[in-house]
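S.K.: I am attaching a structure below and will ask some questions about it afterwards.
The values are calculated or read from the model by the stated rules, or taken from the named source; none is laboratory data. Owing to the predicted nature of the structure, the values given are computational and were not obtained by experimental measurement. Virtual Cβ from ideal backbone geometry, glycine too; neighbours counted across all protein chains shown.
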């Protein structure tokens, strides 16, 4: 999850909201050094996607992004054990978090779902 912006987080800590979508948070059980190394690898892989000069290099970089996001718990099997579904990619109002989203202040909702005219 981005540390640069205070995105709304679901009460269970499974997701944050950005650009009107639920995004899975990093697995909080990862130790700090593992998380930091994975984030560094993710940033390198993302740069490699943009710097790739062939379809093969692009595919390899995208595969590294995917593998690293899985290591962080942001893709693949869910890291939580409470049985709640993976609602990633949905707008919060169309998910099990609809009541939570509706109860947020306008300011909090705007941080996760800015108006289209901005």
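S.K.: Quick one: residue 10 ticks every box in (1) under 18 Å from residue 97 (Cβ atoms); (2) out of contact with any helix residue (DSSP H, G or I) (no Cβ under 8 Å at 6 or more places or on another chain); (3) modelled with pLDDT of 95 or more bar one, so which box is it?
M.R.: Just one mismatch for residue 10, condition (2).
S.K.: Check whether at least one residue in region 87-95 is touching a helix residue (DSSP H, G or I) at 6+ places or on another chain (Cβ under 9 Å), over 25 Å from residue 20 (Cβ atoms) and part of a helix (DSSP H, G or I), and report yes or no.
M.R.: No: region 87-95 contains no residue that is touching a helix residue (DSSP H, G or I) at 6+ places or on another chain (Cβ under 9 Å), over 25 Å from residue 20 (Cβ atoms) and part of a helix (DSSP H, G or I).
S.K.: Out of region 64-86, which residues are in contact with a strand residue (DSSP E or B) (Cβ under 6 Å, 6 or more places away or on another chain) and assigned to a helix (DSSP H, G or I)?
M.R.: Within region 64-86, none qualify.
S.K.: Next question, about the same structure. Could you please find all residues in region 101-114 being loosely packed, with under 15 Cβ neighbours inside 10 Å and within 17 Å of residue 6 (Cα to Cα)?
M.R.: Residues satisfying the conditions are 105, 106, 107, 110, 114.
S.K.: Next question. Just to check your reading of the model, which residue among 12, 27 is crowded, with 16+ Cβ neighbours inside 10 Å and either in contact (Cβ under 8 Å) with a residue 60 or more places away in the chain or within 12 Å of the chain's Cα centre (by Cα) (or both)?
M.R.: Values: 12 fails: crowded, with 16+ Cβ neighbours inside 10 Å.
27 is the lone residue from the list that is crowded, with 16+ Cβ neighbours inside 10 Å and either in contact (Cβ under 8 Å) with a residue 60 or more places away in the chain or within 12 Å of the chain's Cα centre (by Cα) (or both).
S.K.: Also: Considering each of 17, 49, 78 in turn, give the residue that is surrounded by 13 or more Cβ atoms within 10 Å (Cβ to Cβ), touching a helix residue (DSSP H, G or I) at 6+ places or on another chain (Cβ under 7 Å) and closer than 30 Å to residue 103 by Cβ.
M.R.: 17
S.K.: Please determine whether any residue of region 46-60 is part of a helix (DSSP H, G or I) and either under 27 Å from residue 110 (Cβ atoms) or under 16 Å from the mean Cα position of the chain (by Cα) (or both).
M.R.: yes
S.K.: Another question, if that's okay. Which members of region 96-107 meet the condition of being in contact (Cβ under 8 Å) with a residue 60 or more places away in the chain and assigned to a loop (DSSP other than H, G, I, E, B)?
M.R.: The first filter runs over region 96-107 and keeps only residues in contact (Cβ under 8 Å) with a residue 60 or more places away in the chain, leaving 97, 100-101, 104.
Once the filter is applied, which keeps residues that are in contact (Cβ under 8 Å) with a residue 60 or more places away in the chain and assigned to a loop (DSSP other than H, G, I, E, B), region 96-107 yields 97, 104.
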